[in-house]
Structures are given as C-alpha cells and as structure tokens.
Amino acid sequence: MTAIIDYDAGNIKSVEKAVSFLGHEAVVTRDEEVIMNSDRVILPGVGSFGDAMGRLKSYGLDKVLCKYAESGKPFLGICLGLQLLFEDSEESPGVEGLGILKGHVLRIPKKDGLTVPQIGWNDLSIRPGTKLFEGVKNGAFVYFVHSYYLSCEEADAVAATTEYGVTVHAAVEKGNVFACQFHPEKSSDVGLKILDNFLKV
C-alpha cells in the first residue's frame with residue numbers, strides 16, 4: 001500500500017488517481033500508524049513552503065516523515081514535496097524544512113524571455129543508472145509548475161536536471177528517498193513510467 005500524505009496541500013487527488021491507475025492501492029492519510037505500516041510514502045503538494053511546513057508540524061507529520069525516511073522504505077516527494085525534503089527555501093526565510101536531504105531551494109532568477117513561475121514542459125538531462133528513470137529516454141519532456149528550484153548539495157544525489165535560466169536539480173535519488181520538482185502525474189506516459197518505477201522499487 002502507498003500512503004499519500006494529507007496535509008491540506010493541493011494536488012493530492014491527482015497523485016492518488018495516478019497511483020490507482022497504475023494498479024497500486026493508495027490511501028490518503030495523516031495517521032502515523034498507517035504511514036509507518038505502508039510499503040511506500042508519497043509527499044505531493046503545491047503552494048507555499050512556509051505554510052506547508054506549518055501544516056506538517058501542526059499535524060506532527062514532520063517527525064513522522066523523518067522517521068519514515070529513516071526506515072529505509074521508499075519515499076517520494078513531488079513538486080513542493082521535493083522542496084520540503086531539504087533544509088530551507090528563499091520563499092520562506094527562517095523556516096526550516098524537513099532536512100532529510102542537504103540543499104537549498106532558491107528563487108528562479110528573472111531573465112529575458114523566461115517567465116516566472118515556470119509553467120510548462122521542459123526536457124530532462126538524466127543521470128544514467130537511476131531507479132526513478134529506468135526505461136526513460138534522456139531528453140524526455142515532463143511538466144513543471146514552480147517559481148523556486150532546488151540546489152542540491154550532494155551531486156551524486158541529483159538524478160536529473162533541466163535548464164531554465166539556471167540549472168535546476170529536477171529530480172533526486174538517494175538511497176530510499178526520491179523526489180521530482182516536476183509533476184509525474186501530469187507528465188503523460190513519461191510521467192506515469194517514472195511514477196511506476198517508484199512504485200516498483
């Protein structure tokens with residue numbers, strides 16, 4: 001069973017539907033016992049970093065998620081869920097993230113010809129040998145919606161990058177912890193393949 005974390009963030013239903021479409025049982029929950037007994041966890045979300053951390057803490061989910069990540073079972077963050085796994089974000093100065101992975105979330109710089117937020121499809125430069133992108137061609141396009149991007153401190157944890165004025169660390173993979181800045185559940189067949197890869201880890 002896959003636990004999808006319910007902390008009043010957007011985009012949870014579409015992730016639940018995608019998991020079910022791929023033939024896996026999904027439960028939307030914030031119950032610690034259900035989460036800890038699940039085969040894997042997905043932390044989706046759209047919205048503000050600070051607000052999201054506040055909600056996670058109010059439900060006691062910050063500690064539960066850190067405990068789950070330490071369990072060794074597969075954990076996936078999506079969009080805001082990726083950002084929350086790291087130490088902090090320029091969007092919400094002074095607010096600490098979960099700190100499960102090392103790195104910082106920065107504002108996408110304004111450049112001529114590029115709009116912020118980035119909304120749309122962009123291609124990925126994929127590091128060979130990752131579990132998340134097994135069977136996905138380098139240069140595959142996925143769907144992004146974000147104003148802030150990840151700068152991961154651990155180069156060997158970066159599974160894929162994309163270019164949008166800066167080099168965006170678009171996906172990470174370290175041990176049992178995986179995350180995507182893009183939305184696999186909205187990225188057509190490529191996204192479903194990525195999500196299916198995670199569900200089969």
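Inter-label distance, LYS102 to SER20: 4.1 nm, where each label sits 7 Å from its Cα along the C-beta direction.
The shape of region 83-126 comes out oblate: with a ≥ b ≥ c from the C-alpha gyration tensor, a/c is at least 1.5 while a/b does not beat b/c.
Please give me the summed charge of the neighbours of MET1: other residues whose Cβ is under 9 Å from its Cβ, Lys and Arg +1, Asp and Glu -1.
On the way: positive: ARG40; negative: GLU25, ASP39.
Combined, the nearby Lys, Arg, Asp and Glu give -1.
Shape analysis of region 100-163 places it in the oblate category; the axes a ≥ b ≥ c from the Cα gyration tensor give an a/c of at least 1.5, with a/b not above b/c.
For region 1-70, the spread of Cα coordinates along the three principal axes comes to 33, 25, 16 Å, biggest extent given first. The alpha-carbon of LYS174 sits under 17 angstrom from the alpha-carbons of these lysines, leaving out residues fewer than 8 places away in its chain: LYS67, LYS73, LYS102, LYS131, LYS200. A cut-off under 15 angstrom between Cβ atoms defines the neighbours of ILE108, and their net charge, with Lys, Arg +1 and Asp, Glu -1, is -1.
Between ALA155 and ASN37, 0.36 nm times their residue separation minus their Cα-Cα distance comes to what?
Working: separation 118, 0.36 × 118 = 42.48 nm, distance 3.14 nm.
Using 0.36 nm per residue and subtracting the Cα-Cα distance, I get 39.3 nm.
If the label point is 7 Å along Cα→Cβ of VAL116, which residues in region 70-94 have backbone nitrogen under 12 Å from it? Counting only backbone N, you get 90-91. Accessible area of THR115 (1.4 Å probe, protein heavy atoms only, ligands and nucleic acids ignored): about 90 Å². The aspartates and glutamates whose alpha-carbon is closer than 13 Å to the alpha-carbon of LYS137, local same-chain residues fewer than 8 away aside, are ASP123, ASP189. Taking a straight line from the alpha carbon of LYS111, these aspartates and glutamates sit under 16 Å away, with near neighbours fewer than eight places off in the same chain left out: GLU163.
Neighbours of THR161 by Cβ distance under 11 Å: Lys/Arg scored +1, Asp/Glu scored -1, total -1.
So what's the back-of-envelope 222 nm ellipticity for the chain, counting only DSSP H runs of four-plus at -39500 (n - 2.57) apiece and dividing by all residues, rounded to 500?
Values: 6 runs with 53 residues, N = 201.
Only helices count here, giving -7500 deg cm²/dmol.
The values are calculated or read from the model by the stated rules, or taken from the named source; none is laboratory data. Everything numeric here is computed off the predicted structure, so don't read it as measured data. For neighbour counting, all protein chains shown are included, and Cβ atoms are generated from backbone atoms with ideal geometry for every residue, glycine included. Ligands, DNA and RNA are excluded from the accessible area calculation, which covers all protein heavy atoms including side chains. Shrake-Rupley method; radii C 1.70, N 1.55, O 1.52, S 1.80 Å.
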